[in-house]
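The values are calculated or read from the model by the stated rules, or taken from the named source; none is laboratory data. None of these values were measured; they are calculated from a predicted model. Here Cβ is always computed from backbone atoms with ideal geometry, including for glycine, and neighbour counts include all displayed protein chains.
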Amino acid sequence: MALAFDEYGRPFIILKEQERKSRLRGLDAQKANIAAGRAVARILRTSLGPKGMDKMLQSPDGDVIITNDGATILEQMDVDNQIAKLMVELSRSQDYEIGDGTTGVVVMAGSLLEQAEKLLERGIHPLRVAEGYEVASRIAFDHLEKISQKFEFGPDNIEPLVQTCMTTLSSKIVNRCKRALAEIAVKAVLAVADLERKDVNLDLIKVEGKVGGKLEDTELIYGIVVDKDMSHPQMPKRIEDANIAILTCPFEPPKPKTKHKVDIDTVEKFQTLREQERKYFDDMVQKCKDVGATLVICQWGFDDEANHLLMHRNLPAVRWVGGVELELIAIATGGRIVPRFQELSPEKLGRAGIVREKSFGTTKDRMLYIEQCANSRAVTIFIRGGNKMMIEETKRSLHDALCVARNLIRNNSIVYGGGSAEISCSVAVEAAADRHPGVEQYAIRSFAEALDAIPLALAENSGLPPIDTLTAVKAQQIKENNPFCGIDCNDVGTNDMKEQNVFETLIGKQQQILLATQVVKIILKIDDVISPSEY
Ligand code: ADP
Ligand code: MG
């Protein structure tokens, strides 16, 4: 340690540890980074495709997650390495923008890194590799557009949408009932979609789950399901043509906010106080009844005495409903959230055809169904399943399916799956490499080779000999000039993904290629890694 002074005479300390910082430079740095990125990709590789394996992850506090979703696996893995974090980020951005293809994008990036390493070893400058990749990615991007197809659907022809969602779900644990789930996802998206503006607000789709029952019992409810029950067991279980008051203010006599002292020295005084409080609440109940409410949904609770009174005065109520749910209820029933009790008025009430309480199993579990709402543009997908892990995974899989359906409504172009689009791009990029005279052509060729990683992984995961299968399919594509030949993962008997109805959205695939290239370029450009030394 040494003391020094800067130009203004201020002292500062130079630490010796500074010199002991570990530092990687040049090719070593790039190789170390590539190795880290590839390590992450290797983990996800086996999860790709309809026959992909699932991962079981345990969090520090003992929660177990079983999932097949790339973004979730990476999210739960506690990665330390900065480059590995970039890969996590990559998967997350695919999830954020597109929702599906989170595994594929990481596998793709890993394979690009692998090819880059070979080029670096041959002495090609990282920047040239990055430039070549950039050119190649643009060729692949445009080529995808060329082999894409429009597909038509409408509110009365939802089959194509269902098929696409089924492709997404076929690689998940829930693929046993992918048909039912895909239909649910499509109907839900269409219910909230604005087909004119081609926009879908997924926030209006609430996904709720409850342990018990079978996955097949999962249903779509045109309304809201809240994991709450009537505050008193003797309140009616079913209310028809309900007028709902939605309160975010306390539904009880006001509590003194600051410290007050109430001297009660006689029984009479106590009784008047009690009587006053009761009357205050009684007036509140009366006010609700006066404006015509037949059901009160509150964000806050009320005590048992108030509860009893509500039951007595025949005003059903639900307490402790969360803010998000309240908002959805308000949207669905066309009501207004009332933040101050005095503002309650008849036009602020929400309306629903049926509000009913449904109980499950032998337990005391009950849920509240609010259906036939004034505004039907809020729906709930209610998942049933054997255990919590299953329900959580179903939620994640449905999220992918919902995103796919939404993407198709935004842009109805599709490319075929099973690696067929990648193989076709690979052929196109390879051909383009010959037209580039410079050093970049090596990088472009490597890009083409990297694209093969997806079909290779798909074949490997399905127990097929990877190289043999890929060469056969590629040869077939070129011979028949058919960009729809892919890996027949499920052993259906045909390579033609168009016949198999396996497709993915064009924007999803394009996004995968763009994002993967971007991350690889970032990683390649790092040539100095300075990390703090260990103390
Ligand atoms: P991601 O998280 O990237 O979506 P998935 O595990 O969902 O990963 O796998 C997607 C890949 O599996 C895509 O390349 C898709 O084309 C392919 N795939 C899905 N279903 C099939 C199928 N039935 N036959 C062949 N390939 C399929
Ligand atoms: Mg998928």
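Only residues that are within 17 Å of residue 429 (Cα to Cα) and touching a Gly at 6+ places or on another chain (Cβ under 6 Å): list them for segment 445-483, please. Those that are within 17 Å of residue 429 (Cα to Cα) and touching a Gly at 6+ places or on another chain (Cβ under 6 Å): 454, 455.
Regarding segment 466-480, can at least one residue be identified that is within 24 Å of residue 90 (Cβ to Cβ) and in contact (Cβ under 8 Å) with a residue 40 or more places away in the chain? No, the conditions are met nowhere in segment 466-480. Restricting attention to segment 49-103, the residues being under 17 Å from the mean Cα position of the chain (by Cα), within 12 Å of ligand 1 (Cβ to nearest atom) and not in a helix (DSSP H, G or I) number 7. Screening residue 122 with (1) under 33 Å from the mean Cα position of the chain (by Cα); (2) more than 16 Å from ligand 2 (Cβ to nearest atom); (3) of a type in the set (D, E, K, R) gives one miss only, at (1). Filtering segment 511-535 to residues that are of a type outside the set (Gly, Ala, Ser), buried (at least 23 other Cβ atoms within 10 Å of the Cβ) and within 14 Å of ligand 1 (Cβ to nearest atom) leaves 512, 513, 515.
On the given criteria, is residue 445 touching a helix residue (DSSP H, G or I) at 6+ places or on another chain (Cβ under 9 Å), farther than 30 Å from residue 201 by Cβ and more than 15 Å from ligand 1 (Cβ to nearest atom)?
Numbers: touching a helix residue (DSSP H, G or I) at 6+ places or on another chain (Cβ under 9 Å): yes; farther than 30 Å from residue 201 by Cβ: yes; more than 15 Å from ligand 1 (Cβ to nearest atom): yes.
Spelling it out, residue 445 is indeed touching a helix residue (DSSP H, G or I) at 6+ places or on another chain (Cβ under 9 Å), farther than 30 Å from residue 201 by Cβ and more than 15 Å from ligand 1 (Cβ to nearest atom).
Which residues, taken from segment 457-479, are more than 19 Å from residue 52 (Cα to Cα) and within 12 Å of ligand 1 (Cβ to nearest atom)? Full working, then the answer.
First, the residues of segment 457-479 that are more than 19 Å from residue 52 (Cα to Cα): 468, 471-479.
Within segment 457-479, 473 is the sole residue that qualifies.
Name the residues in segment 290-310 that are under 20 Å from residue 349 (Cα atoms) and surrounded by 13 or more Cβ atoms within 10 Å (Cβ to Cβ), would you?
Going through segment 290-310, the residues under 20 Å from residue 349 (Cα atoms) turn out to be 290-301, 310.
Answer for segment 290-310, where residues must be under 20 Å from residue 349 (Cα atoms) and surrounded by 13 or more Cβ atoms within 10 Å (Cβ to Cβ): 291, 293, 294, 295, 296, 297, 298, 299, 300, 301, 310.
Tallying residues that are over 21 Å from residue 98 (Cβ atoms), surrounded by 19 or more Cβ atoms within 10 Å (Cβ to Cβ) and out of contact with any Asp or Glu (no Cβ under 9 Å at 6 or more places or on another chain) within segment 192-215 yields 0.
Please find, among 140, 116, the residue that is under 16 Å from residue 37 (Cα atoms), surrounded by 19 or more Cβ atoms within 10 Å (Cβ to Cβ) and away from ligand 2 (no atom under 16 Å from the Cβ). Quick ask: steps written out before the conclusion?
Values: 140 fails: under 16 Å from residue 37 (Cα atoms).
Exactly one residue qualifies, and that residue is 116.
When the residues of segment 226-242 are filtered to those that are under 21 Å from residue 303 (Cα atoms) and basic (Lys, Arg), the one that is nearest to the chain's Cα centre (by Cα) is 228.
Of the residues 414, 409, 383, only one is closer than 30 Å to residue 300 by Cβ, β-branched (Val, Ile, Thr) and either in contact (Cβ under 8 Å) with a residue 24 or more places away in the chain or in contact with a helix residue (DSSP H, G or I) (Cβ under 7 Å, 6 or more places away or on another chain) (or both); which? Write out each step before concluding.
On the way: 414 fails: closer than 30 Å to residue 300 by Cβ; 409 fails: closer than 30 Å to residue 300 by Cβ.
Of 414, 409, 383, the one residue that is closer than 30 Å to residue 300 by Cβ, β-branched (Val, Ile, Thr) and either in contact (Cβ under 8 Å) with a residue 24 or more places away in the chain or in contact with a helix residue (DSSP H, G or I) (Cβ under 7 Å, 6 or more places away or on another chain) (or both) is 383.
Against the condition closer than 30 Å to residue 105 by Cα, modelled with pLDDT of 85 or more, surrounded by 14 or more Cβ atoms within 10 Å (Cβ to Cβ) and within 31 Å of the chain's Cα centre (by Cα), how does residue 32 come out, does it pass? Spelling it out, it is not the case that residue 32 is closer than 30 Å to residue 105 by Cα, modelled with pLDDT of 85 or more, surrounded by 14 or more Cβ atoms within 10 Å (Cβ to Cβ) and within 31 Å of the chain's Cα centre (by Cα). Of the helices (runs of 4 or more DSSP H) entirely within segment 248-352, those holding at least 1 residues that are in contact (Cβ under 8 Å) with a residue 24 or more places away in the chain and more than 24 Å from residue 222 (Cβ to Cβ) occupy 267-291, 304-312. Scanning segment 149-185 for residues being aliphatic (A, V, I, L, M) and either away from ligand 2 (no atom under 16 Å from the Cβ) or more than 27 Å from residue 386 (Cβ to Cβ) (or both) gives a total of 4. Scanning segment 415-451 for residues that are more than 35 Å from the chain's Cα centre (by Cα) and not charged (D, E, K, R) yields a total of 9. When 110, 99, 132 are screened for being among the small types (Gly, Ala, Ser), surrounded by 19 or more Cβ atoms within 10 Å (Cβ to Cβ) and within 15 Å of ligand 2 (Cβ to nearest atom), only 99 passes. Only a single item in (1) closer than 26 Å to residue 294 by Cα; (2) of a type outside the set (Asp, Glu); (3) in contact with a helix residue (DSSP H, G or I) (Cβ under 7 Å, 6 or more places away or on another chain) is not met by residue 401, and it is number (1).
Under the condition of being among the acidic types (Asp, Glu) and either closer than 13 Å to residue 459 by Cβ or buried (at least 24 other Cβ atoms within 10 Å of the Cβ) (or both), which residue from segment 482-507 is farthest from ligand 1 (Cβ to nearest atom)? Working first, answer last.
Just the residues of segment 482-507 that are among the acidic types (Asp, Glu), to begin with: 488, 491, 496, 499, 504.
Next cut, either closer than 13 Å to residue 459 by Cβ or buried (at least 24 other Cβ atoms within 10 Å of the Cβ) (or both) only: 488, 491, 504.
Values: 488: 7, 491: 10, 504: 6 Å.
The selected residue is 491.
For segment 361-373, filtering for residues that are farther than 18 Å from residue 235 by Cα and either surrounded by 15 or more Cβ atoms within 10 Å (Cβ to Cβ) or at pLDDT 90 or above (or both) leaves 3. Checking the structure you have, find out if any residue of segment 183-200 is within 16 Å of ligand 1 (Cβ to nearest atom), under 15 Å from residue 401 (Cα atoms) and in contact with a Leu (Cβ under 9 Å, 6 or more places away or on another chain). Yes, segment 183-200 contains at least one residue that is within 16 Å of ligand 1 (Cβ to nearest atom), under 15 Å from residue 401 (Cα atoms) and in contact with a Leu (Cβ under 9 Å, 6 or more places away or on another chain). Within segment 154-194, the set of residues being outside any helix (DSSP H, G or I), touching a helix residue (DSSP H, G or I) at 6+ places or on another chain (Cβ under 7 Å) and not β-branched (Val, Ile, Thr) comprises 155, 172, 193.
Per-residue answers, yes or no, for (1) in contact with a Ser or Thr (Cβ under 8 Å, 6 or more places away or on another chain); (2) away from ligand 2 (no atom under 14 Å from the Cβ); (3) farther than 18 Å from residue 503 by Cα; (4) hydroxyl-bearing (Ser, Thr, Tyr):
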| site | (1), (2), (3), (4) |
| --- | --- |
| 389 | no, yes, yes, no |
| 396 | yes, no, yes, no |
| 417 | yes, no, no, no |
| 440 | no, yes, yes, no |
| 449 | yes, yes, yes, no |
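From the list 526, 487, 507, which one is modelled with pLDDT of 85 or more, closer than 18 Å to residue 104 by Cβ and assigned to a loop (DSSP other than H, G, I, E, B)?
Values: 526 fails: closer than 18 Å to residue 104 by Cβ; 507 fails: assigned to a loop (DSSP other than H, G, I, E, B).
None of the other options fit; the residue is 487.
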